[in-house]
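First the structure, in the form of structure tokens, and then the observations on it.
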Amino acid sequence: MTLLEEPIRELGRRLREREISAVELAEEALARAKELDPTLGAFLRVTPELALEAAAVADLRLQEDPAGAPILCGIPVAYKDVVCTEGVETTAGSQILRGFVPPYSATVVDRLSALGVVPLGKLNCDEFAMGSSNENSAYQLTRNPWDPERVAGGSSGGSAVAVAARLACVTLGSDTGGSIRLPASFSGVVGVKPTYGRVSRYGLIAFASSLDQIGPLAKTVEDAALVLTAIAGQDPRDSTSVVAPVDGFLGELRAGVKGLRLGIPKEYLEVGLDPGVRAVFEQSIRMLEGLGAVTQEVSLPTTEYALSAYYVIAPAEVSSNLARMDGVRFGPGFAGATTLKEAYEQARHEGFGEEVRRRVTLGTYALSSGYYDAYYLRAQKVRTLVAQDFDLAFAQVDAIISPTAPTAAFRLGERTADPLAMYATDVLTLPANLAGISGISVPAGFAAGLPVGLQVLGPYLGESTCFRVAQSLETEARIWDRLPPLAVAPA
Amino acid sequence: MSTIAPSPWEAVIGLEVHAQLLTRSKMFCSCRADYLGLPPNSNTCPVCLGLPGSLPVINEAGIRLTLRTALALNCEIPQFTKFDRKNYFYPDLPKGYQISQYDLPLSLGGWLDFEVGGRSVRAGITRVHLEEDTGTLHHAGEIHNSTFSLVDLNRAGVPLMEIVGEPDLRSPAEARAYLATLRQVLIYIGVNDGNMEEGSLRCDANISLRPVGAEALGVKVEIKNMNSFRSVLRALEYELTRQREVLDEGGRLSQETRGWSELEQRTVSQRSKEEAQEYRYFPEPDLPPLVISRAQVEEVRAGLPELPAARRARFQSQYRLADEQALLLTARPGDSQYFEEVVALGVTPQLAANWQLGDLQGLCNTANLPVEKCRVGPAPLADLLKMIEGHEVTANVAKEVLAQAFETGEDPAELVRSQGLGQVSDTGEIAVMVDQALAQNAKAASDYQAGNDRALGALVGAVMKMSQGRANADIVNQLLHTRLPRPGG
């Protein structure tokens, strides 16, 4: 039994009652990372000095004012490596940012630091968050703690595994097309994709600016709600962030689902669901109905076009967002190049991995004159239709439920040769990003020993409803505290 | 007027003017907009450095100054506007794209009236939009043989307004006059300092030729790198001649971008149409679209100062000034403000205009100072001019006193008093001097009486010399006429 198995509230109680100290908690987390992570590959870098320093400060705060210290004070966290951390190398899983030490921290990091969290380090991810398996990281593989031969999911694979293997209490990831919810489902943890604009993107290394959102991954729904409450809220440094109350995340957490109308999109069941996944989903429906929820079929007819639209819009933004990685200030440079064009080509060819180059190429093409209307503009129109689908559905139901992904975690290498198969992994998650709405993946059960998540989608700024549904299922399913085999150190 | 000889070809010219806005901070971050003289890369932050993860935030002042310009140029302000990304790679562009405006600019469809060779011309304004400036590059040696270049991002992100003119200009002289008038408007409304040498105001030109009377446009050449009025004029004249010669010989022009070489006084091809950049514009996802309310537009409109053309017309009607004087006194806001302050203190407008444009302007030119920065402010000048009007000092003495005050910063009226330079209007005192002058200049006196008018001047001059310029000229004249009666006069 490790302290890292406890939910945040329990840890908070023990920290305040001086049963444990934040330094002890940090030391335990660091020891676990040292022991388990060589196999798992969740961390790109661990920052023991920063962690222990923050823990010591947290202990002082907890001693001075146990009641007044924030609930997250002394809690060990870790950040996906697309989140900028002042003074700590931040690479976005890419060679081209090797050695990049940001002179500033993301707003989410500043907010959590102010509350006294203990930063353990930076987590592996697909390069620039592009991928569904963490196999696109330029640095290392991340293994699924339930089966080391399987992927952790991506792109926030390190963030999911660090929580699943109890290396950190809570982590932050980013979700552009499912990059929080998918690895949460594959690794058996809770993952929240907040409404677009709910959380500041300042300091998040951009993948696709109009789709990206930072969100928490946690063992329990309440832990996730605690962290989202802390990081959400308008930020003057991000013009796309919105002003909206956040008190409902925790306030309505245990309001139950009695009378809640839950929509089941028929199109989401037609994407070739794995039978094991379908069985878990059906079991979840029965559980929620048993708690008083009313389910009904809804239709999201543009689902089949969403994937295509996404793979035009996201790469278009990528092609522009990654233009600053030109080798002049970041990356291995361009020694030997004789012209400016050659320098750019060399720096970007050597600095970027294959998937990133593919998407930059796709996006460059989609934005080129003569193709813009046929691709980018048409994709934006589809995006509007996808959002309208959700608007219509949410006129009938309070939330939408579906499996998070068509399958459980697949084998390492299984889809790397087939980009389209890899892209299809996100078919159930990316419509929410196109529409800018809120969503959660919560552990719902197991298929052949592998975790399967339930996705709960809420309307724009409808996180409170998502949390309610997820909390009800978590309580009913009683699997959140089950430990994956690789979370236990070999004897 | 063009210096080109009569030709079957007509020039079609349109200017694209870039103006840095006089905001306190940059367009999308809080770094200073005034970057001149700062150590390289010291005026930067994660946003204008384009560091991964940073995001732009709109500087409202930049929007306001652009709206101000658009309204001064009679443009329409659409309710909905947005920023777009203009994507291209260059080391002075830290993000690999410039935040600019593409299909929904802040303003559209205005005009600018200007004068050239006594004619009034109206040129259309296509649009005024807002973007961010780039950094600057310092090449080691000349660009073609340098082995490295240094990047300075102090300028990156400074608000840059682009004013795109319609191809309504028909000669290099018109282009020059358009640019000068536009510059004057920008300075008047306080959005730009008009400094072409330092690059806060920049001009590119599109020029083509077509047969006189034709509607269709010829092949267009864009000219860049003109950083003075003189180079705009020279480059366009050069290009006009070059294109005419090609066409006269039956040749064909190619659409291209050419740079003006100040050194060689010619345009040099930089980029052909085939090499034209593909900018892949798309809406900036980091900045929500802007809705400009009518109230906001009216507020900006209400805050617009009087524009140069209106002020010039008013100076003619209100102060009864000649056109030339009104033109000169409204050249810069500083000139007209100074003038109006002097007049407001009770000086006759004509006298104020004569002195400001005459002696004071001469002193300012020599000292290379704008009139509002010189040591004789409107109030001391008004005091001095009122002394002239009240016959307390002669014009000649006032000129010397003004020059002295200009040098030392002393009060000119006080100088008159302390040095005893006040005008002598005592008839008895002057009569003594007149009689003395007549005695010493008997020949002049008799010449005058014999009908030589000019001889009187010598006598007046003699009295003035005796009085050190202080004698009241009217009384001197009056006394001389009494003393030297002419037959039948």
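The values are calculated or read from the model by the stated rules, or taken from the named source; none is laboratory data. Treat the numbers as computed from the prediction; the structure is a model and nothing was measured. A quick note on method: Cβ atoms are made from the backbone with ideal geometry, for glycine too, and the neighbour counts reach across all protein chains shown. Only protein heavy atoms, including side chains, enter the accessible area calculation; ligands, DNA and RNA are left aside. Shrake-Rupley method; radii C 1.70, N 1.55, O 1.52, S 1.80 Å.
Considering only residues that are closer than 18 Å to A:ASP238 by Cβ and either outside any loop (DSSP other than H, G, I, E, B) or not aliphatic (A, V, I, L, M) (or both), look in the range A:63-102 and name the one that is nearest to the other protein chains (Cβ to nearest Cβ).
The selected residue is A:CYS84.
Condition first: modelled with pLDDT of 95 or more, outside any helix (DSSP H, G or I) and buried (at least 22 other Cβ atoms within 10 Å of the Cβ). Can you find one or more residues in the range A:273-280 that meet it?
Scanning the range A:273-280 turns up no residue that is modelled with pLDDT of 95 or more, outside any helix (DSSP H, G or I) and buried (at least 22 other Cβ atoms within 10 Å of the Cβ).
So B:GLN79 ticks every box in (1) buried (at least 23 other Cβ atoms within 10 Å of the Cβ); (2) more than 14 Å from chain A (Cβ to nearest Cβ); (3) over 31 Å from the mean Cα position of the chain (by Cα) but one. Which box is left unticked?
All conditions are met except number (1).
Which condition from (1) modelled with pLDDT of 95 or more; (2) closer than 21 Å to B:ASN154 by Cβ is the one that B:TYR90 breaks?
(1)
Do you know which residues across the range A:335-356 are among the aliphatic types (A, V, I, L, M) and within 13 Å of another protein chain (Cβ to nearest Cβ)? Before you say what the answer is, go through the steps one by one.
Of all residues in the range A:335-356, those among the aliphatic types (A, V, I, L, M) come to A:335, A:337, A:340, A:343, A:347, A:356.
Passing the criteria: A:ALA335, A:ALA337, A:LEU340, A:ALA343, A:ALA347.
Give all pairs with beta carbons closer than 6 Å in which a residue from the range A:472-484 that is crowded, with 20+ Cβ neighbours inside 10 Å meets a residue that is of a type in the set (A, V, I, L, M) and in a loop (DSSP other than H, G, I, E, B); count only pairs at least 6 apart in sequence or on separate chains.
Qualifying pairs under 6 Å: A:SER472/A:VAL257; A:SER472/A:LEU291.
Of A:SER113, A:SER156, which residue is under 26 Å from A:ALA225 (Cβ atoms), hydroxyl-bearing (Ser, Thr, Tyr) and touching a Ser or Thr at 6+ places or on another chain (Cβ under 6 Å)? Can you show your working first?
On the way: A:SER113 fails: touching a Ser or Thr at 6+ places or on another chain (Cβ under 6 Å).
Of the residues listed, the single one that is under 26 Å from A:ALA225 (Cβ atoms), hydroxyl-bearing (Ser, Thr, Tyr) and touching a Ser or Thr at 6+ places or on another chain (Cβ under 6 Å) is A:SER156.
B:GLY251 versus (1) at pLDDT 95 or above; (2) farther than 30 Å from A:SER239 by Cβ; (3) not hydroxyl-bearing (Ser, Thr, Tyr): which is the lone unmet condition?
Just one mismatch for B:GLY251, condition (1).
Which of the residues belonging to the range B:8-42 are assigned to a loop (DSSP other than H, G, I, E, B) and hydrophobic (A, V, I, L, M, F, W, C)?
B:LEU21, B:LEU22, B:MET27, B:PHE28, B:CYS29, B:CYS31, B:ALA33, B:LEU36, B:LEU38, listed by residue number.
Checking A:LEU291 against (1) farther than 25 Å from A:PRO406 by Cβ; (2) away from chain B (no Cβ under 14 Å); (3) surrounded by 22 or more Cβ atoms within 10 Å (Cβ to Cβ), which test does it fail?
(3)
Any residue in the range A:315-334 that is open to solvent by less than 30 Å² (accessible area, probe 1.4 Å), under 24 Å from the mean Cα position of the chain (by Cα) and more than 9 Å from every other protein chain (Cβ to nearest Cβ)?
For the range A:315-334, residues open to solvent by less than 30 Å² (accessible area, probe 1.4 Å), under 24 Å from the mean Cα position of the chain (by Cα) and more than 9 Å from every other protein chain (Cβ to nearest Cβ): present.
Among the listed residues B:GLU249, B:GLU298, which satisfies the condition of being more than 30 Å from B:CYS29 (Cβ to Cβ) and either without any contact (Cβ under 8 Å) to a residue 60 or more places away in the chain or more than 14 Å from every other protein chain (Cβ to nearest Cβ) (or both)?
Values: B:GLU298 fails: more than 30 Å from B:CYS29 (Cβ to Cβ).
Exactly one residue qualifies, and that residue is B:GLU249.
Criterion first (in a strand (DSSP E or B) and of a type outside the set (Val, Ile, Thr)) does A:LEU288 satisfy it? Break it down into steps so the answer makes sense when it comes.
Values: in a strand (DSSP E or B): no; of a type outside the set (Val, Ile, Thr): yes.
The answer is no for A:LEU288.
From the list B:ASN396, B:ASN368, exactly one residue is open to solvent by 50 Å² or more (accessible area, probe 1.4 Å), among the polar types (S, T, N, Q) and on the phi > 0 side of the Ramachandran plot. Which is it? It would help to see each step written out before you state the result.
Numbers: B:ASN396 fails: on the phi > 0 side of the Ramachandran plot.
Exactly one of B:ASN396, B:ASN368 is open to solvent by 50 Å² or more (accessible area, probe 1.4 Å), among the polar types (S, T, N, Q) and on the phi > 0 side of the Ramachandran plot, namely B:ASN368.
Which ranges mark the strands (runs of 3 or more DSSP E) fully within the range B:142-214 that have 2 or more residues being open to solvent by less than 10 Å² (accessible area, probe 1.4 Å)?
Values: elements: B:149-152, B:159-165, B:201-211.
So the answer is B:159-165, B:201-211.
If I go through the range B:380-393 residue by residue, how many of them are in a helix (DSSP H, G or I) and open to solvent by 50 Å² or more (accessible area, probe 1.4 Å)?
We begin by selecting, within the range B:380-393, every residue in a helix (DSSP H, G or I); these are B:380-389.
Narrowing the set further to residues that are open to solvent by 50 Å² or more (accessible area, probe 1.4 Å) leaves B:383, B:386, B:389.
Total meeting the criteria: 3.
Considering the range A:209-245 alone, what residues qualify as being surrounded by fewer than 21 Cβ atoms within 10 Å (Cβ to Cβ), in a loop (DSSP other than H, G, I, E, B) and more than 9 Å from chain B (Cβ to nearest Cβ)?
A:GLY233, A:GLN234, A:VAL242, A:VAL243, A:ALA244, A:PRO245
Testing B:ARG258 on (1) surrounded by 12 or more Cβ atoms within 10 Å (Cβ to Cβ); (2) within 14 Å of another protein chain (Cβ to nearest Cβ); (3) in contact with a Lys or Arg (Cβ under 8 Å, 6 or more places away or on another chain), one condition comes back false. Which one is that?
All conditions are met except number (2).
In the range B:338-365, what count of residues is obtained for those that are open to solvent by 10 Å² or more (accessible area, probe 1.4 Å) and either touching a residue at least 60 places away in the same chain (Cβ under 8 Å) or in a loop (DSSP other than H, G, I, E, B) (or both)?
Selection size over the range B:338-365: 3.
Within the range B:230-276, can you find the residues that are hydroxyl-bearing (Ser, Thr, Tyr) and touching a strand residue (DSSP E or B) at 6+ places or on another chain (Cβ under 7 Å)? Write out each step before concluding.
Of the residues in the range B:230-276, the ones hydroxyl-bearing (Ser, Thr, Tyr) are B:231, B:238, B:241, B:254, B:257, B:261, B:267, B:269, B:272.
Correct list: B:SER231, B:TYR238, B:SER254, B:THR257, B:SER261, B:THR267, B:SER269, B:SER272.
Restricting attention to the range B:26-44, and to residues there that are open to solvent by 30 Å² or more (accessible area, probe 1.4 Å) and closer than 19 Å to A:ARG237 by Cβ, which single residue is farthest from the other protein chains (Cβ to nearest Cβ)?
Step by step, filter the range B:26-44, then rank; the result is B:ARG32.
Mind checking whether some residue in the range A:358-370 is away from chain B (no Cβ under 12 Å) and open to solvent by less than 70 Å² (accessible area, probe 1.4 Å)?
Filtering the range A:358-370 down to residues away from chain B (no Cβ under 12 Å) leaves A:358-359, A:361-362.
Checking which are open to solvent by less than 70 Å² (accessible area, probe 1.4 Å) leaves us with A:359.
Yes, the range A:358-370 contains at least one residue that is away from chain B (no Cβ under 12 Å) and open to solvent by less than 70 Å² (accessible area, probe 1.4 Å).
Consider only pairs whose beta carbons are under 7 Å apart and that are at least six residues apart or on different chains; among these, list those whose first residue lies in the range A:406-421 and is modelled with pLDDT of 95 or more and whose second residue is open to solvent by 30 Å² or more (accessible area, probe 1.4 Å) and basic (Lys, Arg).
A:ALA409/A:ARG150; A:PHE410/A:ARG150; A:ARG411/A:ARG150; A:LEU412/A:ARG150
Which condition from (1) hydrophobic (A, V, I, L, M, F, W, C); (2) within 21 Å of A:ASP426 (Cβ to Cβ); (3) within 17 Å of the chain's Cα centre (by Cα) is the one that A:TRP146 breaks?
Failed condition: (3).
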